[in-house]
Structure formats: structure tokens, C-alpha cells
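Contents: one structure, followed by commentary.
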Amino acid sequence: MKRTKSGTHDVGKQAAGTRWTISLALGLALVAPLSGCGSNSGLERVSVSGAVTYRGEPVQEGRIRFVPRAGTIAPMTIEAVRDGRYSTETSGGVPVGSFRVEILSYDPNEPAPAGPGAPPRKQFLPAKYNVQSTLELETESGQSEIVRDFILAP
């Protein structure tokens, strides 16, 4: 044992603690890219943008969701639709893989419900474009950008 000003100090315990700290840091560094959070998740991503229309008119306000299909290990990407346009710029893009596309919008003439416990806003688009969507998007390694318009009919 080695004596210090503050008393007895065990060098062996200090070395073990240092090794443990280094091992933990290395482990986190290896696992962090696999977590899938945010645009810096380590996943290859493709920038996707385009137009969304319904009945020939731009969807004024809504959400577009890229939901991973079976075999694609990636997080869901969600972006806003505004004035008939969307872009995955905020999320950093859609990861490489196969995705189901869901588009949600609400009646622009219906006010948003106020307060907790209020009923949800009525969905403006048919279920075939959101909860029962068959819309798809494939992104491939090496692609940098995809422009994909969604022209929705009743």
C-alpha cells in the first residue's frame, strides 16, 4: 500500500477502476452508432422530399411517416407536410431500406381540440393513406437524394 496525505491508498483498486472506466467508455462508443437516434445514428440515410396532394390540392398541414418494413432495421422517420411539400432535412434523411409510407392530415377547417382529454382531431385523409397505407418507399445504399411526390385520390 502507498500512503498519501489523505491516508492509505490502494493502487490496485485505482488501476481496476481506471480499466473499468475505459472499458465502459469503449463499449458505449461501439454501441452508440447502433442506437438509431437522430441524424447522427451512424445509419446511411437518403434525403427524401416531394409534394403531397389530395384531390388535386396541396395538403396544407400534416405529417409523413416512413415506417420500416420487415427486414429493415432502422428508426421511423417523421416529417411535417406544409403547403403541399415535405423534406427529410430535419431528420437527416430516411435510412437505407424498405419503408411503408403513412400520410396524415387534418381538416383545415376544423379547429384543433383544446386541453387534455379532448377528442382527437378528425383525420382528413382516407385510412388507405395512413393506418391502412400500402404506399411504399425503397432507399438504396449510395443514393443521396430521392424526389417522391404523393398524389392522393379519394
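Coordinate-derived values only; no laboratory data. Note that this is a predicted model, so its numbers are computed, not measured. Ideal geometry is used to build each Cβ from the backbone, glycine not excepted, and the neighbour counts take in all protein chains shown.
DSSP loop (so not H, G, I, E, B), at most 13 other Cβ within 10 Å: list which GluC sites (Glu not before Pro) in the range 67-154 pass both filters.
Within the range 67-154, the qualifying GluC sites (Glu not before Pro) (loop, at most 13 other Cβ atoms within 10 Å) are Glu89, Glu140.
Loop-resident trypsin sites (Lys or Arg not before Pro) (DSSP state other than H, G, I, E or B) in the range 58-105 with no more than 15 further Cβ atoms inside 10 Å of their Cβ: Arg69. Within the range 65-154, none of the chymotrypsin sites (Phe, Trp or Tyr not before Pro) combine a DSSP coil assignment with at most 16 other C-beta atoms in a 10 angstrom radius.
Couplings 3J(HN,Hα) of the range 42-58, computed from phi: x, 7, 5, 10, 10, 6, 10, 8, x, 10, 10, 10, 9, 6, x, 10, x Hz, in residue order, whole Hz [Karplus 6.51 cos²θ - 1.76 cosθ + 1.60, θ = phi - 60°; x for Gly and Pro].
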